[in-house]
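What follows is calculated from the coordinates using simple rules that are stated; it is not laboratory data. Computed from a predicted model, the values in this text were never measured in an experiment. Quick reminder, even Gly has a Cβ in these numbers, built from the backbone with ideal geometry, and neighbours come from all protein chains shown.
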Amino acid sequence: MGDLHLPNISDGEDKSSPLKNRIRKNYRHIRKWAKRTETNCFRIYDRDIKEYPLAIDFYDGRFCVHYFSSMGDDEPRQDLYEAAVEALSSLFGAREESIYWRTRIRREKTEQYEKVNEEKEFFTVVEYGVKFRVNLLDYLDTGLFLDHRETRRLVASMAKGKRLLNLFAYTCSFSVHAAMAGAAFTKSVDLSNTYTAWGRENFLLNGLPSQNHPIVRADCLKFIDEEIDSRVLYDLIVIDPPTLSRSKKMDQFFDVQLDHSMFLSKALRLLAPGGTLFFSTNARKFKLDQEALEGCSVIDISQKTIPLDFHDAKIHRCWKINQF
Ligand SMILES: C[S@@+](CC[C@H](N)C(=O)[O-])C[C@H]1O[C@@H](n2cnc3c(N)ncnc32)[C@H](O)[C@@H]1O
């Protein structure tokens, strides 16, 4: 590939805005890494300065700005909005229409994964040389959770010739990385038609054959019982569920804190001897039930899997689980 557009910053080093200074510094650092690794989607600002409660992600020259509301307000204050637009336009020449705003108000009870717009603004980004469709406008999330970049790479590094099961697969990013790294077989399971279709596109985009990479639209809670009955085994299993999930398509409510031990002990029955299970959650107050994993080696790999552009050590937690 080698033709990623990662602009050079030449804004005359204007030091008047702390936000601009920090973005410039962060971007210069990550740009070197991005060029080397063939990646054009990454975080360029991560709530580094208290007065600017934003996270800004660069997606091939477009920007996704998350506003972290503490007061329950949906929209950022006007001065904050203007500071971000000014910083991005002077550093990158960004136009207002290439800056997409998101607000992150703490979600209650059930997680919503519904559409927020109908524009269908898809475009392609590259992560470690692998392509993904993203959309910064129409859905609550972009199609690629950037905080799991290193987790995907870790799974991919173990995937050659292996069989992978990806539960709560969203747009199949773990499976596509594993397939590109030579996985013999991947199966991705998600409840949403939108995301399974999106996942299929991600496979196609990378020229991967569909016959060895099925994508199943199903409730993982039911699917796991059926898969145990069918006696298939996997060398690698990835489980990255939502914190809470309830949908008309599901029979049961899923709460990662209450249900993970039951779910993980079932998943372990699908693990081939010598296989590895990766379990991750974004739930901040989550406590792993170690007792339910008796007879397993459980290694907390959270620190290792937080990418260098993410400055919030608690963005996700992740464990590598092996059976003795
Ligand atoms: C946090 S996202 C998973 C992120 C994904 N692992 C990744 O790395 O991109 C949660 C996903 O779980 C799916 N989901 C929620 N409840 C589900 C269920 N009961 N069965 C299957 N998928 C479910 C949602 O549709 C969504 O795609």
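Details
- Mean Cα-pair separation over length for the stretch 143-323, i.e. relative contact order, pairs under 8 Å, 6 or more apart, %: 20 percent
- Among the listed pairs LYS120/LYS222; LYS15/LYS50; LYS120/LYS249; LYS120/LYS266; LYS249/LYS285; LYS162/LYS249, those with a Cα-Cα distance over 29 Å are LYS120/LYS222; LYS120/LYS266; LYS162/LYS249.
- P(r) tail fraction, the stretch 18-103 - alpha-carbon pairs more than 16 Å apart, %: 49 percent
- Helix 193-205 vs. the chain, principal-axis angle (Cα, 0 to 90°, nearest 10): 80 degrees
- Longest segment of the chain lacking GluC sites (Glu not before Pro) that sit in a DSSP loop with at most 13 other Cβ atoms within 10 Å: 122-293
- For the chain, the longest principal axis of the Cα atoms and the long axis of helix 78-92 meet at an angle of about 90 degrees.
- Its Cα gyration tensor gives the chain an equivalent ellipsoid; the semi-axes, largest first and in whole Å, are 34, 22, 19.
- Among the chymotrypsin sites (Phe, Trp or Tyr not before Pro) within the stretch 7-80, those in coil by DSSP and having at most 15 neighbouring Cβ atoms inside 10 Å are PHE68.
- Cα-based Rg / Dmax (Å) for the stretch 143-323: 15.2, 43
- GNM result for the chain, Cα springs below 10 Å: residue of GLN290, GLN78, GLN252 fluctuating most strongly: GLN78
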